[in-house]
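All remarks here apply to the structure that follows.
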Amino acid sequence: QAQVEKESGSGVVYKKVGDTLYILTNAHVVGDRKEHELTFGNKQTAKAKVIGKYKMADIAVMTMKAPKGDTLKPLKHGDSSAVVLGEPVLVVGNPLSLDFQNTVGEGIVSGLNRDVPVDFNQDDKYDTLLSTFQVDAPINPGDSGGAVVDQEGHLIGIASLKINMPSVQNMGFAIPVNSALAIAQKIEKEGDIQQPKTDIDIHNVVDVDKATRDEYKIPQDVSTGVVVQKVNANSPAKNSGLKKGDVI
């Protein structure tokens, strides 16, 4: 199960206009609150306003006035479309709490184009497929929203979640910076982005038992994607021909 953490988090200054800082983080980090207290590397604190989020992409944007004596510079942006398998990366965040502020984890890009089913509201139903790339650098509670950077120190992703299973290690996922910045620009203009209703329930195909696979006639070699478990009547999904048992 892909797990997101909600107690604390990290963020990245991606833009500065005049004395206003723009901070990129995860939607699950900001939650429903409209204001958060930020702590900087020099232990200075300041209030930041959430100007919007896109929950289903797990992206949020905050703004704040630059603190007195500010020397902060936006992190230079890389190109996530140019990321390659095996590329070294660093994950910068605040695991567990501010006691471990500015922790840097090292790893590689271990997977590309990963669509990860995520249950944001803990109701045992997947809410979305999050488009990510996979890293083996540790992503711990408090790292969510932190920077994933390449060897040149350029921002290539936003740390978002990890697989939380006893038998699984070092499977973290980051939202590509190209996607994150495109969403951030839309949030800057429009505020919260609402997810269109899909009127379907989905489950990760790897979580479907053999009996259900047989019922839906899903070939055993199909190991990626999601299975449609329910399609609401009189919905666009139903009218499009989507039906229970389809694999997306």
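Calculate, in nm to one decimal, what Gln151 and Leu72 gain on full extension: separation in residues at 0.36 nm each, minus their alpha carbon distance. Walk me through the numbers on the way to the answer.
On the way: separation 79, 0.36 × 79 = 28.44 nm, distance 2.05 nm.
Extra length available between Gln151 and Leu72 comes to 26.4 nm.
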Subject >> Euclidean distance of C-alpha centroids, the range 200-234 and the range 96-165, integer Å >> reply: 26 Å
Original post:
According to the square roots a ≥ b ≥ c of the eigenvalues of the Cα gyration tensor, what is the shape class of the range 140-234, taking rounded for a/c under 1.5, prolate for a/b larger than b/c otherwise, and oblate for the remainder?
Top reply: oblate
Subject >> Difference of contour (0.36 nm per residue) and Cα-Cα distance, Lys217 to Asp99 >> reply: 37.3 nm
Original post:
When the Kirkwood radius is taken over all Cα pairs of the chain, what Stokes-Einstein diffusion coefficient follows at 25 °C and 0.890 mPa s, in µm²/s?
Top reply: 129 µm²/s
Original post:
Which of rounded, prolate, oblate describes the range 45-185, given a ≥ b ≥ c as roots of the alpha-carbon gyration tensor eigenvalues and a/c under 1.5 marking rounded, otherwise prolate only if a/b is larger than b/c?
Top reply: rounded
**OP:** Apply the Karplus parameterisation 6.51 cos²θ - 1.76 cosθ + 1.60, with θ equal to phi minus 60°, to every residue of the range 122-128 and state each ³J(HN,Hα) to the nearest whole Hz, in sequence, with x for glycine and proline.
**Re:** 6, 9, 6, 10, 6, 8, 6
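Quick one: net charge of Gln229's neighbours, Cβ under 9 Å, K/R +1, D/E -1?
Values: positive: Lys125, Lys230, Lys244; negative: Asp201.
So the environment of Gln229 carries a net charge of +2.
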Original post:
Local charge sum around Asp124 (other residues, Cβ-Cβ under 13 Å, Lys/Arg +1, Asp/Glu -1)?
Top reply: -4
Original post:
What is the set of long-range amide H partners of Glu87 at a cut-off below 5 Å, with H atoms built 1.01 Å from backbone N?
Top reply: Val109
Original post:
What residue among Ala82, Ala147, Ala27 shows peak mean-square fluctuation when the chain is described by a Gaussian network model with Cα springs under 10 Å?
Top reply: Ala82
Original post:
Given springs between every Cα pair under 10 Å in a Gaussian network model of the chain, which of Pro166, Pro74, Pro95 has the largest fluctuation?
Top reply: Pro166
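If you wrap a convex hull around the Cα atoms of the range 54-111, how much volume per residue is inside, in Å³?
On the way: hull volume 9.4 nm³, N = 58.
Per-residue hull volume (Cα only) is 163 Å³.
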Subject >> Nearest 10 degrees, 0 to 90: helix 177-190 Cα axis against the chain principal axis >> reply: 80 degrees
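Every read-out reported here was derived from the displayed coordinates using simple, explicitly stated rules and does not represent laboratory data. Because the structure is a prediction, the values reported are computed rather than measured. No Cβ is skipped: glycine too gets one built from the backbone with ideal geometry, and neighbour counts run over all protein chains shown.
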